[in-house]
Protein chains: 2
Amino acid sequence: MPSTAEFAETAALIGDPARANMLIALMDGRALTATELARAAGITPQTASGHLAHLTEAGLLAMTRQGRHHYHRLASADVARMLESIMSVTAGRRPFPTRPARTVTGPRDAALRRARTCYDHLAGQLAVAMADRMIARGEIELFPDGGALSGGGAAFLSSLGVDLEAAHVYAMRRGGGRIFCRPCLDWSERRPHIAGAVGAAMSRAWFAHGWLRRVEGSRAVTLTRSGEMVLGKAFDLGLGEQAA
Amino acid sequence: MPSTAEFAETAALIGDPARANMLIALMDGRALTATELARAAGITPQTASGHLAHLTEAGLLAMTRQGRHHYHRLASADVARMLESIMSVTAGRRPFPTRPARTVTGPRDAALRRARTCYDHLAGQLAVAMADRMIARGEIELFPDGGALSGGGAAFLSSLGVDLEAAHVYAMRRGGGRIFCRPCLDWSERRPHIAGAVGAAMSRAWFAHGWLRRVEGSRAVTLTRSGEMVLGKAFDLGLGEQAA
DNA sequence: GCAACGCTTCGGCCATCGCCGAAGCATCGT
DNA sequence: ACGATGCTTCGGCGATGGCCGAAGCGTTGC
């Protein structure tokens, strides 16, 4: 009876209250650090670390190391679907059980959360929204460990003044395609945005065009009036309360 | 944090190897007895009994008592879907893990398995197939503890010579609607067939019409040539190897 | 560099829970 | 009525596994 054991093991992994809380906390697709997940589960980081190792080895979670932080997220949409199907069977009819004390992440500064630089590229709600739009349109793909710009994506960015030629040359000189286009886990949104040479070229071009402006003494970034016009339209952003 | 605990509890229930094996054994929709499930899980009946009580209380299983047998089955299609989604996440890609020693159920006698009487109504593969067809067409509904014949179902049976009038009168005299139409767990197939006054009227009519014939010294039943013609057509049965 | 921080590994404590033998109830068959 | 069968409850044993404190890397930032 080989694989019936794996089946039970998977379920047993989910069945522990601490691990269950961590998994539920990850169900919105964000990636959280071990310490944050420990808090969500009400256990110490040591204990959480062990749990996370097991969950990752079992293929339920995937982990990305970024500096001294280890970001954990659900390994696939299949895992999320499985968790939801368990919830649907659970007595309480509701599709989502009461959230486990919504973990607050990231900078308190609203402006930073909205848009900022992350090394050489953009981050924050704005950058994540841009990446989402491009993914939805099939202009770009972002995997945990890489990404790819489609022909349409290249044309789109070029039309916005992004110099992909230079980005490509730069990437080739500094380590090949993996540098050209890659995801970066957004540290307030906990979802991927566009990094690599492409991401750098995007921010460089748009600062140069005067569509983006840095906030004094901060990593925060604001869209200028012309930026709202051009980028807001190009990325189909809701032109909402973008005012600083 | 109310319902997150239920979530974990459900998964923990599935996570025990013995319980997992029992659940997997039930995934084909059959209903099995506690002892059979104990064998499938490789544990003693006492232990299985406790497990089954927990699974039932958690809403994963439903139980029907029939004499001294307690038939357990998955509580709903949702539960089956949930189990499948867990399997799909489990490392081994295959949708069904190696079956846990396919439980052999029921009489060895092939003729008995095919068709027989069960008190006053029909049982066996034939009866289960008939019930399945009628359910699929919306002519009848069978719940664990009752059933209902639709208008179309009544017309269909009447066209096959079944005297539903008499059955109704009989049922009313002997305890109300619950007697009229109800399911009976088929003891070889472990799936429901039609019992109650309706089931009795069906077998009575068809014996009278010469479409069914009892086998000497046995509860086994065979379809006659005319029965194959009429019932085979009416129930859309594959006219396969029905030969005794 | 050094201290702070995040994460991990190690060791040992403790509770939970699965397991079975024995015994008690219900049902069936003769 | 009797024994056989199916299921359940009870009690106690044993092991798995979660938990934390302490300590050991690696990264960050001053």
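Points worth noting:
- Subset of segment A:33-58 [more than 10 Å from DNA strand C (Cβ to nearest atom), of a type outside the set (A, V, I, L, M) and assigned to a loop (DSSP other than H, G, I, E, B)]: A:42
- Among the residues of segment B:2-34, those identified as within 24 Å of residue B:143 (Cα to Cα) and more than 8 Å from chain A (Cβ to nearest Cβ) are B:22, B:23, B:25, B:26, B:27, B:28, B:29, B:30, B:31, B:32, B:33, B:34.
- The residue of segment A:1-32 that is farthest from DNA strand C (Cβ to nearest atom), among those that are part of a loop (DSSP other than H, G, I, E, B) and within 17 Å of residue A:45 (Cβ to Cβ), is A:26.
- Residue count, segment A:59-71 (criterion: more than 14 Å from chain B (Cβ to nearest Cβ) and either more than 10 Å from DNA strand C (Cβ to nearest atom) or of a type in the set (Phe, Trp, Tyr) (or both)): 2
- On inspection, residue B:94 passes the criterion of being modelled with pLDDT under 75, outside the structural domain of residue B:34 (by TED's automatic domain parsing) and not in a helix (DSSP H, G or I).
- Hits in segment A:9-34 - residues which are in contact (Cβ under 8 Å) with a residue 12 or more places away in the chain, over 19 Å from residue A:191 (Cβ atoms) and either small (Gly, Ala, Ser) or more than 12 Å from DNA strand D (Cβ to nearest atom) (or both): A:10, A:18
- Of the residues making up segment A:200-244, those that are modelled with pLDDT of 90 or more, part of a helix (DSSP H, G or I) and closer than 23 Å to residue A:149 by Cβ number 14.
The values are calculated or read from the model by the stated rules, or taken from the named source; none is laboratory data. Here the structure is a predicted model, which is why all the values come from computation and not from measurement. A quick note on method: Cβ atoms are made from the backbone with ideal geometry, for glycine too, and the neighbour counts reach across all protein chains shown.
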